[in-house]
1. Answer yes or no: is there a residue in the stretch 236-246 that is open to solvent by 40 Å² or more (accessible area, probe 1.4 Å) and modelled with pLDDT of 85 or more.
2. Output yes when any residue across the stretch 124-137 is under 24 Å from Leu196 (Cβ atoms) and touching a strand residue (DSSP E or B) at 6+ places or on another chain (Cβ under 9 Å), and no when none is.
3. Among the residues of the stretch 53-71, which ones are acidic (Asp, Glu) and within 20 Å of Tyr117 (Cβ to Cβ)?
4. Does the stretch 83-103 contain any residue that is of a type in the set (Gly, Ala, Ser), open to solvent by 70 Å² or more (accessible area, probe 1.4 Å) and either at pLDDT 90 or above or more than 28 Å from Val219 (Cα to Cα) (or both)?
5. So the check is Cβ under 8 Å with 6+ separation or different chains; which pairs have a first residue in the stretch 124-145 that's free of Cβ contacts under 8 Å to residues at least 12 places away in the same chain and a second one that's open to solvent by less than 80 Å² (accessible area, probe 1.4 Å) and of a type in the set (Val, Ile, Thr)?
6. Going through Gly212, Gly218, Gly206, Gly202 one at a time, which residue ends up being in contact with a strand residue (DSSP E or B) (Cβ under 6 Å, 6 or more places away or on another chain), closer than 23 Å to His54 by Cα and open to solvent by less than 30 Å² (accessible area, probe 1.4 Å)?
7. Would you call Glu162 more than 30 Å from Ile69 (Cα to Cα), open to solvent by less than 60 Å² (accessible area, probe 1.4 Å) and in a helix (DSSP H, G or I)?
8. Which of the residues spanning the stretch 299-342 are of a type in the set (A, V, I, L, M), in contact with a Ser or Thr (Cβ under 8 Å, 6 or more places away or on another chain) and modelled with pLDDT of 90 or more?
Amino acid sequence: MMRSLIFRFILSTTLIISTFVSAFAEDPHQHGTDDHAKEFKVGEMIMHHIKDDHGWELAHGLTIPLPVILYTGDRGLEVFSSSNFDHDGTHNGYVKEHNHIYRAGANGEPDKTVKVYDFSITKNVASLLLSAVLLILIFFSVRNGYEKNRGKAPKGIQSFLEPIILFVRDEIARPNLGPKYERYLPYLLTLFFFILINNLLGLLPGGANLTGNIAITGVLALITALITNLSGNRHYWAHLFKPTGVPVALLPIMIPVELVGVIMKPLSLMIRLFANITAGHIIILSLLSLIFIARNLGGAGTGWGISLIVAPFTIFMNCIELLVAFLQAFIFTLLSSMYIGSAIEDHHEADHGIGYEGPEFSKDVH
């Protein structure tokens, strides 16, 4: 059984890698002729795959056009397909440059003096909507399973997700939030599974790098910061502006330090998730690029020879990225629960380190 699972995993991973390789190899701008082979630029290729775009490129030559939604003061709202930019990067008086859309000037160059509001459904937005639909479908299925199997052993996807839900409840929410954990558990579960499913979708060929987009991680961190500060009790705010045991003369120093800490917590959440997910994609794409760099330098034989060395490393990195997908979801959710827990804990608990078991548990221990 275990051998069969390992074989299937290696086979599927090899197919994923071959998809990337074939996508790069078929690009005529990079590998079409010996003259064009020298034009292969690793940095541009990597940035193209990890950045957002107005179309969703699943593989070379297969791009799903997405709606472009623009608003300008003089022309109002305009909607058209992103495929209109495929020919020369211009359409209907607009020009696309580095994934940004500007009004085209008289010479066809971008006129950046005209403000263009871009509300387009980009690849990351489409991936966000896709993950939202998947989460709704999955958890409605889990809810229906609970209703049908009430008092019975879980079945299907319910049996797969129930241990994860219980893990978030028992190992993240309860220890860090105390007796009020049920109030924040829905948010923590949503946060965990949203990050997890988008991390996994980003590992698929043609997948969007949603959790590697700092705007997405920034919004998630901002939501955690808002919940933390809006839920903060008087002890939390007193600790910020009048820390216990701190002499009055040191308050002008300690208060700014505490306030900086309030800002740094969501910043650390934002940067950690963004950096880890993006770094993983960059490493895998860099490894694959070695094949084509070797091909440019030594011909097709050298490229095939290097691929025999690069492929095992890429498979190993895919395994690491699969672990990171779960790990980053866990870390983001854990730190969010810790920040919220520090804002809602009672003064007695804060002083004596009492967890969710409550004061009675503390008496029993002593």
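The values are calculated or read from the model by the stated rules, or taken from the named source; none is laboratory data. Values in this document were obtained by computation on a predicted structure and should not be read as measured data. Heads up, the Cβs are rebuilt from the backbone with ideal geometry, glycines too, and the neighbour counts pull from every protein chain shown. Side chains are part of the model used for accessible areas, which takes the heavy atoms of the whole protein and leaves out ligands, DNA and RNA. Shrake-Rupley method; radii C 1.70, N 1.55, O 1.52, S 1.80 Å.
1. Let us first name the residues in the stretch 236-246 that are open to solvent by 40 Å² or more (accessible area, probe 1.4 Å), namely 237-239, 241-242, 244-245.
Those still in the list that are modelled with pLDDT of 85 or more too: 237.
Yes.
2. Filtering the stretch 124-137 down to residues under 24 Å from Leu196 (Cβ atoms) leaves 124-137.
Adding the requirement that they be touching a strand residue (DSSP E or B) at 6+ places or on another chain (Cβ under 9 Å) leaves 126-127.
Looking through the stretch 124-137, at least one residue is under 24 Å from Leu196 (Cβ atoms) and touching a strand residue (DSSP E or B) at 6+ places or on another chain (Cβ under 9 Å).
3. Our first condition is that a residue be acidic (Asp, Glu); within the stretch 53-71, this holds for 53, 57.
Matches in the stretch 53-71: Asp53 only.
4. Initial filter on the stretch 83-103 (of a type in the set (Gly, Ala, Ser)): 83, 89, 93.
When the remaining residues are screened for being open to solvent by 70 Å² or more (accessible area, probe 1.4 Å), the result is none.
Within the stretch 83-103, none of the residues are of a type in the set (Gly, Ala, Ser), open to solvent by 70 Å² or more (accessible area, probe 1.4 Å) and either at pLDDT 90 or above or more than 28 Å from Val219 (Cα to Cα) (or both).
5. As it stands, the answer is Leu129/Ile121, since those pairs meet every condition given.
6. Numbers: Gly212 fails: in contact with a strand residue (DSSP E or B) (Cβ under 6 Å, 6 or more places away or on another chain); Gly218 fails: in contact with a strand residue (DSSP E or B) (Cβ under 6 Å, 6 or more places away or on another chain); Gly202 fails: in contact with a strand residue (DSSP E or B) (Cβ under 6 Å, 6 or more places away or on another chain).
So the residue among Gly212, Gly218, Gly206, Gly202 that is in contact with a strand residue (DSSP E or B) (Cβ under 6 Å, 6 or more places away or on another chain), closer than 23 Å to His54 by Cα and open to solvent by less than 30 Å² (accessible area, probe 1.4 Å) is Gly206.
7. Numbers: more than 30 Å from Ile69 (Cα to Cα): yes; open to solvent by less than 60 Å² (accessible area, probe 1.4 Å): yes; in a helix (DSSP H, G or I): yes.
So Glu162 fits the description; yes.
8. Looking only at the stretch 299-342, we keep the residues that are of a type in the set (A, V, I, L, M), and these are 300, 306, 308-311, 315, 317, 320, 322-325, 327, 329, 331, 334-335, 338, 340.
Remaining after also requiring in contact with a Ser or Thr (Cβ under 8 Å, 6 or more places away or on another chain): 311, 315, 335, 340.
Those that are of a type in the set (A, V, I, L, M), in contact with a Ser or Thr (Cβ under 8 Å, 6 or more places away or on another chain) and modelled with pLDDT of 90 or more: Leu335, Ile340.
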